[in-house]
Each structure stands twice: as C-alpha cells, then as structure tokens.
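Below: the structure, in structure tokens.
Here, each number is a calculation from the coordinates, and none is a lab measurement. Quick caveat, the model's predicted, so the values are computed rather than measured. Neighbour counts run over all protein chains shown; Cβ positions are idealised from the backbone, glycine included.
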Amino acid sequence: MKFCYVDESGTGDEPYGVMAGIIVDALRMKPTKQDWDDLLKGLSKIANREIKELHTREFYSGNGPWRGINGDMRANIIEVILDWIAKRKHSIIYTVVEKKKWYSDFSTDSRHADIKTLWRFLGLHLVLGIQKYHKGNKNNKGNTILVFDNEEREMKRFTDLIQAPPKWSSTYYGLEDETDPLSQVVDVPYFADSVDVPLLQVADFVAFFLRKHAELENGVIERYDGERLKVRSWINMALKRRIPLSAIFPKRGRCSCSEMFFNYAPSCLRDS
C-alpha cells in the first residue's frame, strides 16, 4: 500500500502551475512523521521560535519566522530537507503547466468540458501518472491513497472526476478492462490540513522549487546572482527520487491524452 501526499504551487499569478506528490510506502509512515517532527524541532531552534509547519514560500523569501536567518543558512536547510527525502526513499511525482498557453488554448479543446479548471488538469495528470507507474505491481503493492492539501473549491468536483474519469484518459495508462479505471487508486481522494499532515508540507516544498526552476529556466529574473544555477542544483537532487519520466512525460509513443499534458509542460521539466 502507498500514500501519495499532494500539494500545488503557482495557481495564482505565476507563469507556471505545478503539482507535486510524495509517494510513501505505508510501512514507512510512522517513522517518517516522527522524523519530520524532529526536523521541525531542529528548525525551531535555528529560527528561535516554534515552527509547527514549514511554509516554503515564506521560508525561501526569509519572511515570517525566518526573518533574520541569512540566505546561506536557508540554502543549507534546503539541502538538508532534500537529503531527508532521499534517505527515506520517498518517490516524487509531478506535473507542470505553462499557464498562459493553457488558458489560451485549452478552452477550445473538447476535453475542457470534462476538466474545466487548471487545478483539476494538474490533479488528473498526477493521478494518471500514479496509475501508469503502479499498474504493473502485484499483490496490491501499488494501491495508492491520495491525500491533497485542502482545496475546498475543488474537492467535490475533483472527487467526481476521479470516481468517473473521462474515457479518453484511459489511453494514458493502457486500460484494457473498461470496468476498472484507475484501479491503483484506493477509494476517493482525501483532503487535509498540512499542519496536521506533515508530508503535505514536503509536497509543498518540492512543488515550490519545481515552479521556481521552471520560472528561472524560462526568463524570470533572478532575485540574486546565481539563483538559477542554485535552484537547478536543488532540482537535480530532487529528481533523483522522481518516478520514471515515462510515467509522466513519455518521450515517445504518446497517446492523445499524454500528448495533451506533454504539450503544456515546459521543456526543462519535461525532457530531462
């Protein structure tokens, strides 16, 4: 049994929207939660105040409890967290969309009526990727419970979408038995508060840096000299734990469904 904890970044005015999931084996859940609590206690000592939840946007900018913590120290913490993910052998899955293109082009796509919002577009792709990645596992080892950060506006309609996915989406993972779509997804998606579910904070962390990478590789001005290369190095660390790219953005043999997701993604996170 697996759990996939999911959060998004860039659903406001940013040029790219990202959704990232942290896939965890059920047997590792309890020690992982304790380890994250211990990590937050360590960060609390650095910040000289209690840190109950890591808000990556705030942390990266040095705002809130991180005001006064210099950039070098924050960079070291980022690498510690990435190393923390790697050592626990958690896997990363993600999807990313160039929003200007998506808003311009997808509204005229016949599939728009089945999805309608950017959040659901990202969420459906993530779920299809999990299905494709895990469908070959035997003895229910790939069965996955999805846990999203609270998104009240999307909860009901996204749940309906996953319970009855559009038929055109089945080509993404080569569905042979049309009576059993998304067979690796257990029950309905769950939605929770990240302060209560630590791995949602990890998903937020990964999604944030994937978005920063997409922005900096595509012309967004650096906030400090060397930011693009620094973020690229962090993403390279994170991608060591990515599930096979063939389950997210296959380079060849794409069906019309996978081609759709491929076309809206920036090359820096799609082709490498």
Of Lys89, Lys45, Lys99, the one that fluctuates the most in a GNM where the chain has Cα springs shorter than 10 Å: Lys45
Gaussian network model of the chain, springs between alpha carbon atoms under 10 Å - residue of Asp13, Asp105, Asp193 with greatest fluctuation: Asp13
Fraction of beta bridges assigned by DSSP in the chain that are antiparallel (%, nearest 5): 60 percent
5 angstrom amide H check on Arg242, placed H, neighbours 5+ away: Ile92
Normalised per residue, the volume of the convex hull around the Cα set of region 2-270 (Å³): 127 Å³
Calculated SAXS-style log₁₀ I(q)/I(0) at q = 0.18 Å⁻¹ - region 1-64, Debye, Cα scatterers: -0.88
Listed residues Ile23, Ile46, Ile145, most fluctuating in the chain (Gaussian network, C-alpha, under 10 Å): Ile46
Cα-based Rg and Dmax for region 179-272, where Dmax is the largest Cα-Cα distance (Å): 16.3, 54
Cα-centred dipole magnitude for region 1-89, charges only on beta-carbon of K, R (+1) and D, E (-1), debye, nearest 20: 420 debye
Cβ charges +1 (Lys, Arg) and -1 (Asp, Glu), total dipole of the chain, debye: 720 debye
Cα-based radius of gyration of region 66-208 once divided by 2.2 N^0.38 Å, which approximates compact folds: 1.21
Within the chain, helix-based [θ] at 222 nm, where runs of 4 or more DSSP H residues each add -39,500 (n - 2.57), nearest 500: -14000 deg cm²/dmol
Rounded Å value of the spacing that divides the Cα centres of region 200-251 and region 4-76: 15 Å
Region 52-126: radius of gyration and largest Cα-Cα distance (Dmax), Å: 18.0, 51
